[in-house]
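> Here you go, one structure.
The values are calculated or read from the model by the stated rules, or taken from the named source; none is laboratory data. All figures in this text were calculated on a predicted structure; none of them were measured in a lab. Note: ideal-geometry Cβ built from the backbone for every residue, glycine included; neighbour counts use all protein chains shown.
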Amino acid sequence: MTDRCEPLALYVHWPFCVSKCPYCDFNSHVRESVDQAQWRQALLDDLAYEAGVEPNRKLGSIFFGGGTPSLMPPETVAAIIAAAQTHWGFAPDIEITLEANPSSVEAARFADLASAGVNRVSLGLQSLDNAALRFLGRAHGVAEGLAALETAQHAFARVSFDLIYALPGQSEAKWEAELARALSFGPGHLSLYQLTIEPGTRFAALAAKGELLPTDPDHAAGLFERTQAMTEAAGLPAYEISNHARAGEESRHNLAYWRYQNYLGVGPGAHGRRGGHVTQRHKKPENWLSALVRGSHGIVEEIPLSPADKATEALLMGLRLKEGIEPARIAALADRPFDAVVDEKAVARLASQGLLARDETRLRVTAKGMLLLDAILAEIAL
């Protein structure tokens, strides 16, 4: 299938958070109020520009993300969805996802957002333990989060939620109990992430002072293996290293990223990848808005990707998936043989160790290999 035949994915970035929002690290995006009509029109103008660059396509997914997109006025969401349908047309089973925090304020808007056209919500529960939520800096408690989940499951056809595990001091028994409880709610999709200590974060500062002890790698590996076993048994096997779904419930939008398909980004700070180029919108909301007032789009930078860049990105993204990658497609993106993109000797060695599997058409990381994904990618990519 060529890129022109694949449905497009559309990412809409809503940058704003409510005042003193605990969910967003970007304080510059906190606003007491915004001119909703002005911002709605700017988003529609940015959308129209992308439609002019990528016409005659069908949309397979729309994803509303960013600061607190569930606080977007439902009429803005509806206007964007209607405009997108007019510009491109929708694939018959289009997925329209909105990210939401599990607060009672946002949950109260779910019915209106569903009426606006959203058919899937991704809910940031993060934990089913109040102490863990406080450690993670979240404002909601377990009861409020579960109430929001119940509301979401009534309002939307498809609901996903995320949890973070491998927290300091978290035993295997405690994580098993939490995951079992999560599975008891009958989700169609779960995103399960191990806690990572990223540079520049509060967790990194605590670790540097010795006030946070990262989970032992062997213990984290055991938690990962138990997670795979429990979700598999519950009918939600991993289709990506951290994402689990019932058959047909996989995130079509995120699959577009991992399968290295074209996607469009509109709104402040939004990234896109189309026509062999990476697009980056102005990050600061007011700069983006000013660009729209002066011109027809909010792009600050558009960078062409070399064949080597495209092949490497597709390789690194695709091997996160259980289905793996097609070497022939990677070679076509690179405009070079596959063995000019990967170290075939390393591939053979890792396959002999049971970490990679290869057949006539695909290369994939095995379940055993997923524990060592980063090391595998570093070893095979040229």
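> Keeping to the stretch 203-234, report how many residues are touching a residue at least 12 places away in the same chain (Cβ under 8 Å) and surrounded by fewer than 13 Cβ atoms within 10 Å (Cβ to Cβ).
Counting residues in the stretch 203-234 that are touching a residue at least 12 places away in the same chain (Cβ under 8 Å) and surrounded by fewer than 13 Cβ atoms within 10 Å (Cβ to Cβ) gives 1.
> Could you count how many residues in the stretch 65-87 are modelled with pLDDT of 95 or more, crowded, with 23+ Cβ neighbours inside 10 Å and of a type outside the set (Gly, Ala, Ser)?
Final tally of qualifying residues: 2.
> Before we move on, is Gln280 free of Cβ contacts under 8 Å to residues at least 24 places away in the same chain and touching a strand residue (DSSP E or B) at 6+ places or on another chain (Cβ under 6 Å)?
So Gln280 fits the description; yes.
> Something else about it: Kindly indicate whether any position in the stretch 83-91 is touching a Gly at 6+ places or on another chain (Cβ under 7 Å), under 15 Å from Gly60 (Cα atoms) and of a type outside the set (Val, Ile, Thr).
Yes; the residues of the stretch 83-91 include at least one that is touching a Gly at 6+ places or on another chain (Cβ under 7 Å), under 15 Å from Gly60 (Cα atoms) and of a type outside the set (Val, Ile, Thr).
> While we're looking at this one, here's another question. Output the residues belonging to the stretch 54-69 that are closer than 20 Å to Ala42 by Cβ and either touching a Lys or Arg at 6+ places or on another chain (Cβ under 8 Å) or assigned to a loop (DSSP other than H, G, I, E, B) (or both).
Within the stretch 54-69, Glu54, Gly67, Thr68 qualify.
> Right, something else. Looking at Leu47, Leu8, which one is of a type in the set (A, V, I, L, M), modelled with pLDDT of 95 or more and over 24 Å from Lys284 (Cα atoms)?
From the options Leu47, Leu8, the qualifying one is Leu8.
> Pull up the stretch 103-123, narrow it to residues that are touching a Leu at 6+ places or on another chain (Cβ under 7 Å) and modelled with pLDDT of 95 or more, then point me to the one that is nearest to Ser251 (Cα to Cα).
Of everything passing the filter in the stretch 103-123, Val121 is nearest to Ser251 (Cα to Cα).
> Where residues in the stretch 128-146 are among the hydrophobic types (A, V, I, L, M, F, W, C) and over 20 Å from Pro168 (Cβ atoms), which of them is surrounded by the fewest Cβ atoms within 10 Å (Cβ to Cβ)?
Looking at the filtered set, the residue picked out is Ala143.
> Among the residues that make up the stretch 300-315, is at least one of them touching an Asp or Glu at 6+ places or on another chain (Cβ under 9 Å), surrounded by 20 or more Cβ atoms within 10 Å (Cβ to Cβ) and of a type in the set (Ser, Thr, Tyr)?
No, the stretch 300-315 contains no residue that is touching an Asp or Glu at 6+ places or on another chain (Cβ under 9 Å), surrounded by 20 or more Cβ atoms within 10 Å (Cβ to Cβ) and of a type in the set (Ser, Thr, Tyr).
> Would you be able to say whether some residue in the stretch 323-332 is out of contact with any helix residue (DSSP H, G or I) (no Cβ under 8 Å at 6 or more places or on another chain), over 23 Å from Tyr239 (Cβ atoms) and at pLDDT 95 or above?
Yes.
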